[in-house]
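Before any comments, here is the structure.
The values are calculated or read from the model by the stated rules, or taken from the named source; none is laboratory data. All values reported here derive from a predicted model rather than from experimental measurement. Quick reminder, even Gly has a Cβ in these numbers, built from the backbone with ideal geometry, and neighbours come from all protein chains shown.
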Amino acid sequence: MKTITVIGSGVIGASWATNFAFRECEVRLYDTAEDALANGKNAVLRNLNNFVQYGVIRQDDVAPIAARITYTTDIAQALEGAYLVQEAGPDQYPIKQAILAQVDEYAPDALFLSSTSGLSITEIAKHSAHPDRCMGGHPFNPPHLIPLVEISKGEKTSQEAVDKAVAFFESINKVPVVCKKEKLGFIANRIQWALYREAIDLVITGTCTIEDVDKAVTYGPGLRWAILGPNMIYELGGGKDGIRGMNKLSGTTAKGYADLCTWGAKPDDWFDNAQAGVDEEKAKLPDFIGHTNEEIAKFRDSMLIELLRLHHKL
Ligand SMILES: NC(=O)c1ccc[n+]([C@@H]2O[C@H](COP(=O)([O-])OP(=O)(O)OC[C@H]3O[C@@H](n4cnc5c(N)ncnc54)[C@H](O)[C@@H]3O)[C@@H](O)[C@H]2O)c1
């Protein structure tokens, strides 16, 4: 049973703590203020109760899992004996650097992973005496459900530390991927951004509606991507020659790549204008999905749990 320290008990920290406790780690959840910790504790209990509701755990399991988490505003206590520190504080350099200075003092040998969505690991670790064990550990929200962890290297991150982090996450049934270079958005967000830019462009150029973008993704490639990644899908699509067989479509795809939009800034009013289209789409959803955001979120969560079960991730 490894001791994992989670720093910051907000949206991401509380979800990480749930995940580590569920996977039988001893967890220390640290925040600077008691009220923030209390919010974190409520979020953990909510997450565990949702697990009960979806049949992931039994009601009797809640207390022992919850008991694996110690809540503290004492950084020395939080870091004592930590194997891995998962930092989930505010996304600002001075705060993350100050947190790392405390980790240097109280847990100099622990692996340090920042949950940052967009800050540079090299910059976060630039004053650290132990930058070799510092790396990004970017979750997808909520980390207690989504298996992906993007591990990213800073300039001084050692391969040994990355290997240990990968082995740890694999041991708790997460799916780590390694971003070998500092890259804004890591891997998954860049793929999402590329797809969403084209989706925006299709709507603003009058090619299709907001609703049709969602239908096209959900009932087309999205269904396949929830099972296998785009390369593996092409491997199967290429026939007996595997992904090489996709060369049969090179003419069309070459023209397609050349035709994709390339703009670097979305229209400022995109989300404001998109709201009407989304509202219309919500009204037309089938009743089993629902029409309010609460109903739709519940549908998403129940489908996600089923998919995770099929992937042997829950
Ligand atoms: N929210 C997301 O969808 C998401 C997704 C992936 C990654 N992230 C990253 O996760 C990190 C946390 O984001 P969040 O959405 O949970 O933020 P949040 O604002 O919900 O939580 C931040 C927590 O940090 C605490 N805090 C403030 N100063 C601190 C300090 N000096 N030491 C320790 N804790 C401190 C706050 O009290 C708060 O509880 C960020 O780096 C963010 O980029 C967020």
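Every residue in segment 27-41 that is in contact with a helix residue (DSSP H, G or I) (Cβ under 8 Å, 6 or more places away or on another chain) and of a type in the set (Val, Ile, Thr), please.
Listed by number, the list holds a single entry, Val27.
How about segment 204-221: which of its residues are part of a helix (DSSP H, G or I) and under 27 Å from the mean Cα position of the chain (by Cα)?
Those that are part of a helix (DSSP H, G or I) and under 27 Å from the mean Cα position of the chain (by Cα): Ile210, Glu211, Asp212, Val213, Asp214, Lys215, Ala216, Val217, Thr218, Pro221.
Of all residues in segment 108-145, which are part of a strand (DSSP E or B) and either within 15 Å of the ligand (Cβ to nearest atom) or modelled with pLDDT under 95 (or both)?
Phe112, Leu113, Ser114, Cys134, Met135, Gly136, Gly137, His138, Pro139
Each row is one residue, and each column tells you yes or no for (1) farther than 22 Å from Gly264 by Cβ; (2) in contact (Cβ under 8 Å) with a residue 40 or more places away in the chain.
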residue: Lys164; (1), (2): yes, yes
residue: Ser171; (1), (2): yes, no
residue: Phe186; (1), (2): no, yes
residue: Arg197; (1), (2): no, yes
residue: Leu223; (1), (2): yes, no
residue: Asn231; (1), (2): yes, no
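For segment 70-105, give me each residue that is surrounded by 13 or more Cβ atoms within 10 Å (Cβ to Cβ), outside any helix (DSSP H, G or I) and within 8 Å of the ligand (Cβ to nearest atom).
Within segment 70-105, Glu87, Ala88, Gly89, Asp91 qualify.
When you go through Val44, Val85, Val52, Val62 one by one, which is the residue that is without any contact (Cβ under 8 Å) to a residue 12 or more places away in the chain, of a type in the set (Val, Ile, Thr) and in contact with a helix residue (DSSP H, G or I) (Cβ under 6 Å, 6 or more places away or on another chain)?
Being without any contact (Cβ under 8 Å) to a residue 12 or more places away in the chain, of a type in the set (Val, Ile, Thr) and in contact with a helix residue (DSSP H, G or I) (Cβ under 6 Å, 6 or more places away or on another chain) holds for just one of Val44, Val85, Val52, Val62, which is Val52.
Do we have Ala161 as outside any loop (DSSP other than H, G, I, E, B), touching a helix residue (DSSP H, G or I) at 6+ places or on another chain (Cβ under 6 Å) and away from the ligand (no atom under 16 Å from the Cβ) here?
Taking the combined requirement at face value, the residue satisfies it.
Which of the residues spanning segment 23-55 are touching an Asp or Glu at 6+ places or on another chain (Cβ under 9 Å) and among the basic types (Lys, Arg)?
The one that is touching an Asp or Glu at 6+ places or on another chain (Cβ under 9 Å) and among the basic types (Lys, Arg): Arg28.
State which residue pairs qualify: first residue closer than 13 Å to Gln102 by Cα and inside segment 114-135, second residue away from the ligand (no atom under 16 Å from the Cβ) in any location, beta carbons under 7 Å apart, and separation of 6 or more residues or different chains.
The qualifying pairs are Ala125/Pro131; Ala125/Lys156; His130/Pro108.
Report those helices (runs of 4 or more DSSP H) wholly inside segment 222-314 carrying at least 1 residues which are modelled with pLDDT of 95 or more and touching a helix residue (DSSP H, G or I) at 6+ places or on another chain (Cβ under 8 Å).
Helices (runs of 4 or more DSSP H) meeting the threshold: 230-237, 270-284, 293-310.
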